[in-house]
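For reference, the structure discussed in these notes is given below.
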Amino acid sequence: MLRADLSLIAEADRLAQDVAARTDRLDLLVNNAGGMTDRLEMTAEGLEANFAGNHLGPFALTQGLEPLLRQTAAGAPAGSVRVVMTASDASEMGLPVDFDDMQNLSRFNPGLAYCTGKLANVLFARALASRLDDTGIVAHAMAPGATDTPFFSNAPAETRAHTDNLSKLTVAEGADTLIWLALGEEAGRSSGGYWEKRAPRAPHPQVDDADAVARFWQESERLVDSVRG
C-alpha cells in the first residue's frame, strides 16, 4: 500500500513516481478519493482544500501516471485500460465551473465547493477521454448515490441533517457501478461517459460544451503548475 494526501500536489506527484518505480504496467486507475469540508480551508500549497482533494490532486496523479497507462495500452486490447472517477449527482446541482475562479474563493460556501469538485470529476473524465482518444484508454465518471460510509462526518451541519435521513446504499451497492466500469465489457466500448446504476446519466450541461471542457483542462493544468513552480 502506498499512501498520499491527494489534497497536496507534491504528494500526488510523489505517489505517481512511487507507482511508476514499482511496476511497468497500469491497467486501471480509480480516482475515488474525495471529501466535503464544512468551512474554507487552504492547503499548505495555497489551494482550497475541497477542490484540491476532490479534483486537483487526482488530476495531478493522473498526469503523472499517464505515461504508464499509455505504455500499458500500447500492448493491450482497446478499452481494457481504464480511468474511472467517482463523482456524484451533486455535480448536476451547482453552478457551472467559473474558469476565472475555479476554487470559488470569491463566493465560497461548502455546498457550492463540493458541487464544483464533483462537476470537475465529470468534466475531467470527458476531457481525459478526448485527450486519450487515439490510445485505446477509456475514461468514465460515475455517481454512486448516498452510501453508508463515514463520508458525511466532516460535512456542514445542514448537510448532515439532510443526509442523516436519507436511505443509504450499502458499500457493495455504492461500489457496484464503479466496479462495473472498471471491469465490465460494455464500459470498454465507449469513453467520456457519466453513469449511475450501470446506465448512462445526463451530466451537467457544461460537460457537453466542448469549449468548456477544453478550458477546464487548461485551467486545471494552470492551477497544478502554479504549485509545482
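The values are calculated or read from the model by the stated rules, or taken from the named source; none is laboratory data. Treat the numbers as computed from the prediction; the structure is a model and nothing was measured. Cβ: placed from backbone, ideal geometry, glycine included. Neighbour counts: every protein chain shown. Only protein heavy atoms, including side chains, enter the accessible area calculation; ligands, DNA and RNA are left aside. Shrake-Rupley method; radii C 1.70, N 1.55, O 1.52, S 1.80 Å.
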Fill in: Carbon/sulfur fraction of accessible area - the chain, other protein chains in place, 1.4 Å, %
51 percent
Worksheet item: With +1 on each Lys and Arg Cβ and -1 on each Asp and Glu Cβ, how big is the dipole of segment 1-95 about its Cα centre, in debye rounded to the nearest 20?
Response: 400 debye
Worksheet item: Farthest toward the dipole's positive end in the chain, which of 44, 229, 4, given Cβ charges of +1 (Lys, Arg) and -1 (Asp, Glu) about the Cα centre?
Response: 4
Worksheet entry | Under-5 Å amide H pairs with residue 28, H placed in peptide plane, nonlocal only | 82
Practice prompt. Give, rounded to the nearest 20 debye, the magnitude of the charge dipole that the chain has about its Cα centre when Lys and Arg contribute +1 at Cβ and Asp and Glu contribute -1 at Cβ.
Written response: 400 debye
Fill in: Residue among 125, 54, 15 farthest towards the positive dipole end of the chain, charges placed on Cβ
15
Discussion item. Rolling a 1.4 Å sphere over the protein heavy atoms, what is the accessible area per residue of the chain, to the nearest Å²?
Written reply: 47 Å²
Worksheet item: So what are the ³J(HN,Hα) numbers for segment 221-226, from phi and the Karplus equation (6.51, -1.76, 1.60; θ = phi - 60°), rounded to whole Hz, Gly and Pro as x?
Response: 4, 4, 5, 5, 5, 5
Worksheet item: Where Rh denotes the Kirkwood radius from the mean inverse Cα pair distance, what is Rg over Rh for segment 1-56?
Response: 1.03
Discussion item. Percent of Cα-Cα pairs more than 28 Å apart in the chain, please.
Written reply: 26 percent
Item to complete: Using every Cα-Cα pair within segment 1-125, state what percent have a distance larger than 22 Å.
Response: 37 percent
Practice prompt. Report the full-extension gain for the segment residue 199 to residue 153: residue separation times 0.36 nm, less the Cα-Cα distance, to one decimal in nm.
Written response: 13.7 nm
Discussion item. Can you compute 3J(HN,Hα) from phi for each residue in segment 68-80, using the Karplus curve 6.51 cos²θ - 1.76 cosθ + 1.60 with θ = phi - 60°, rounded to whole Hz and x for Gly and Pro?
Written reply: 5, 4, 5, 4, 5, 5, 4, x, 10, x, 4, x, 8
Worksheet item: Which peptide among 35-41, 122-128 comes first, and what is the full order, when sorted by highest mean count of other Cβ atoms within 10 Å?
Response: 122-128, 35-41
Worksheet item: Points 7 angstrom from Cα along the Cβ direction at residue 189 and residue 98: gap in nanometres?
Response: 4.3 nm
Practice prompt. Find how much the distance from residue 25 to residue 105 grows on full extension, using 0.36 nm per residue of separation minus their present alpha carbon separation; answer in nm with one decimal.
Written response: 24.9 nm
Item to complete: Tally the DSSP beta bridges in the chain and give the antiparallel ones as a percent, rounded to 5.
Response: 20 percent
